[in-house]
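Worksheet: the structure to be examined is printed underneath.
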Amino acid sequence: MVKSDQLGDVRTGRGEHAAPMSVIEVDNLHKRYGEHVAVQDVSFAVEEGEIFGILGPNGAGKTTTVECVEGLRERDGGTVRVLGHDPATDPAALRELVGAQLQEAELPDRLRVGEALDLFASFYRAPADTAELAAALGLDGLEHRPFAKLSGGQRQKLSIALSLVGNPQVAVLDELTTGLDPAARRDTWALIEGVRERGVTIMLVTHSMEEAERLCDRVAVVDTGRVVALGTPGELVSAVQAGQVLRFLPRPDVDDRLLADLPQVTEIRRERDEVVVAGGADVLAAVTAALAREGIFPERLRVEQATLEDAFVALTGRVPVTAEEAA
Amino acid sequence: MTATARLAATEWRLLRREPLVLAFGFAFPLALLVVMGLASSGPDADLGGISLIATYVPILIAFNLSMLGISVLPTAMATYRERGVLKRLRTTPVSPWRLLAAQIGVNTVVAVGAVIIVLVVADLAFDVSLPGQGLGFALAFLLTGAAVFAFGLCIASVAPTARTANVIGTLVWFPLMFFAGLWIPRAAMGDTLRAVSDWTPVGAAVASLQEAMAGSFPEVKHLLVLLAYAVAGSLLATRLFRWE
């Protein structure tokens, strides 16, 4: 387990990413509901054209944070600027510019896909071409299908389409793939990448490591109302990756003490027939050299990389909930 | 098409796909009218010298309006809130108030359609002449609509779910219809009961509709009672209504 003080500079966020104009700026956001503090102190900036993830366990304050950004909730402290506007005092200016996909928002059962798109298009001054949008999101052929008869994946596609129908500059997507099967999740991710290519800046709320790792340029990890880390998924992972872990099947078997005596090795254990060795950055070279001297062949040798999930566990001290469990 | 017109058109389309609402809106009052018409047999001394069917035409009109206002409208709005439709609208340039306006609009269309059908069928089939005081009738109808829709929005404000909105609507609707004279016509009520009825929204509605049907301008007191419910209900609903 990596101690949190090893995380160093990822915690401070920003730094090398201060380049272009920030589309969303959140500083020291604070929000409570009565006695309950939902957001203690959250700060981050989203740059133009990036996919920015807000990652955290359930109840961490993710949705409250984005709802303050969308102007759906009044904050109790801090500042929020979206495309230069304050959502608390100037929400009307943002309605044309920000498209939102809300967690668990439904439509009337008998409303058809095409009608929903046309209806929402009528809300905006310069809407997208609904037929084109439907085709881009794989909704073509479903125009006459009522909402009640759509599958989870189709509903999610419609929800994304509706968030884009006003040609927004920013799309805020909350729990995009919760409840979807793996194939539908992958389709949705491909869609989001397509949306970014249209020039839309995307803020994505998720509790899925896989989703954040796959989609996001940068991620803010939020836990109990605070940003506990901010950076690219790669930065977050390397910050918690203290060293390397090797796994192999020794042929013939090796005496554990041989490897344990190596200065580069910090830990050695057995998992079934396999030897698992943890150590510093040069542990791979040291172990393979030692094995070669003894004439032992490390079968199925592999080096394990830490994932964003390991980073998340290290940062929040919590095992993340999978999409299936949350659904 | 503007957003409000598009919302209203969409609401109308959804309503047409909801056969139950249409059945309640049109078929139910019409069926009751026919039953009453067939049971009616000339002027009745117990009903103040008018026929049963003539007594029931204004009651059925108020019945239909209050059904739409107190049960259909709040259930629809609570459903929209429960499903996150109202919250979703808040993220668009269009205020959810416009969806409310569209809802009231389509329900008004149903109510006007039903009142025309009831009046025409009553006139042609059962010899109940059309309202003698047209303007007074229209005013009484309008104020009744405003009062029951405002009442309904208060229900939609306090009900946490669509189901509870429906239950509250039904529970409130029965006593209101009692005072409107659905079971004991106002003419057959005792003085005390009728005095109480005068102060209820649907009781005042039936009284003023009845007066206009008979050819005189509705009593100002009845109209003011309706206006008071409409204003108080609207103010209360504006303060209490939550979009999520």
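The values are calculated or read from the model by the stated rules, or taken from the named source; none is laboratory data. Because the structure is a prediction, the values reported are computed rather than measured. Here Cβ is always computed from backbone atoms with ideal geometry, including for glycine, and neighbour counts include all displayed protein chains. Surface areas here come from the heavy atoms of the whole protein model, side chains and all, with no ligands, DNA or RNA. Shrake-Rupley method; radii C 1.70, N 1.55, O 1.52, S 1.80 Å.
Things worth noting here:
- Yes/no for B:TRP243 being open to solvent by 10 Å² or more (accessible area, probe 1.4 Å), hydrophobic (A, V, I, L, M, F, W, C), over 25 Å from B:TYR56 (Cβ atoms) and not in a helix (DSSP H, G or I): yes
- Whichever residue in the range B:73-101 is at the interface with chain A (Cβ under 9 Å from one of its Cβ atoms) and not in a helix (DSSP H, G or I) and, among such residues, is surrounded by the most Cβ atoms within 10 Å (Cβ to Cβ): B:THR91
- Against the test of being away from chain A (no Cβ under 14 Å), under 13 Å from the mean Cα position of the chain (by Cα) and open to solvent by 20 Å² or more (accessible area, probe 1.4 Å), the options B:ILE70, B:ILE104, B:ILE50, B:ILE117 yield a single qualifying residue, B:ILE104.
- Evaluation of B:ALA111 against the conditions (1) assigned to a helix (DSSP H, G or I); (2) open to solvent by less than 40 Å² (accessible area, probe 1.4 Å); (3) within 30 Å of A:VAL69 (Cβ to Cβ) shows that the sole unmet condition is (3).
- Filter result for the condition that a residue is touching a residue at least 40 places away in the same chain (Cβ under 8 Å), away from chain B (no Cβ under 13 Å), more than 16 Å from the chain's Cα centre (by Cα) and open to solvent by 50 Å² or more (accessible area, probe 1.4 Å), over A:ARG81, A:ARG73: A:ARG81
- Test: residue in the range A:140-160 that is assigned by TED's automatic domain parsing to the domain that holds A:GLU213, of a type in the set (Val, Ile, Thr) and either touching a strand residue (DSSP E or B) at 6+ places or on another chain (Cβ under 7 Å) or free of Cβ contacts under 8 Å to residues at least 60 places away in the same chain (or both): no
- Wholly enclosed strands (runs of 3 or more DSSP E) of the range A:204-278 bearing at least 1 residues among the aromatic types (Phe, Trp, Tyr): A:244-251
- Positions within the range A:219-237 being open to solvent by 10 Å² or more (accessible area, probe 1.4 Å), touching a helix residue (DSSP H, G or I) at 6+ places or on another chain (Cβ under 9 Å) and in contact (Cβ under 8 Å) with a residue 60 or more places away in the chain, in sequence order: A:ASP223, A:THR224, A:VAL227, A:VAL228, A:LEU230, A:PRO233, A:GLU235, A:VAL237
- When A:LYS157 is tested against the conditions (1) within 14 Å of chain B (Cβ to nearest Cβ); (2) open to solvent by 10 Å² or more (accessible area, probe 1.4 Å); (3) under 21 Å from the mean Cα position of the chain (by Cα); (4) not hydroxyl-bearing (Ser, Thr, Tyr), the lone failure is (1).
- Top-ranked residue in the range A:84-109 [being among the small types (Gly, Ala, Ser) and in contact (Cβ under 8 Å) with a residue 12 or more places away in the chain; ranked as nearest to A:VAL26 (Cα to Cα)]: A:ALA88
- Unique match (being without any contact (Cβ under 8 Å) to a residue 24 or more places away in the chain and part of a helix (DSSP H, G or I)) among B:THR192, B:THR144, B:THR164, B:THR170: B:THR192
- Residue in the range A:20-58 that is nearest to the chain's Cα centre (by Cα), counting only those that are within 15 Å of A:LEU204 (Cα to Cα) and not in a strand (DSSP E or B): A:GLY56
- Flag for B:ALA76 being more than 24 Å from B:ALA205 (Cα to Cα) and of a type in the set (A, V, I, L, M): no
- Test: residue in the range B:128-135 that is without any contact (Cβ under 8 Å) to a residue 40 or more places away in the chain, open to solvent by 10 Å² or more (accessible area, probe 1.4 Å), over 30 Å from B:ALA214 (Cα atoms) and not in a helix (DSSP H, G or I): no
- Test: residue in the range B:27-41 that is open to solvent by 10 Å² or more (accessible area, probe 1.4 Å), in a helix (DSSP H, G or I), within 14 Å of chain A (Cβ to nearest Cβ) and hydrophobic (A, V, I, L, M, F, W, C): no
- Any hit, the range A:161-169, residues being within 14 Å of chain B (Cβ to nearest Cβ), open to solvent by 60 Å² or more (accessible area, probe 1.4 Å) and free of Cβ contacts under 8 Å to residues at least 60 places away in the same chain: yes
- Counting only residues that are open to solvent by 10 Å² or more (accessible area, probe 1.4 Å) and within 20 Å of A:THR178 (Cα to Cα), the range A:41-60 holds 3 of them.
- Checking each residue in the range A:84-136 for being crowded, with 22+ Cβ neighbours inside 10 Å, away from chain B (no Cβ under 12 Å) and out of contact with any Leu (no Cβ under 8 Å at 6 or more places or on another chain) picks out no residue at all.
- Exactly one residue among A:GLU213, A:GLU271, A:GLU294 is in contact with a Lys or Arg (Cβ under 8 Å, 6 or more places away or on another chain) and open to solvent by 60 Å² or more (accessible area, probe 1.4 Å), and that residue is A:GLU271.
- From the list B:LEU73, B:LEU14, B:LEU86, B:LEU100, the lone residue that is among the hydrophobic types (A, V, I, L, M, F, W, C) and without any contact (Cβ under 8 Å) to a residue 40 or more places away in the chain is B:LEU14.
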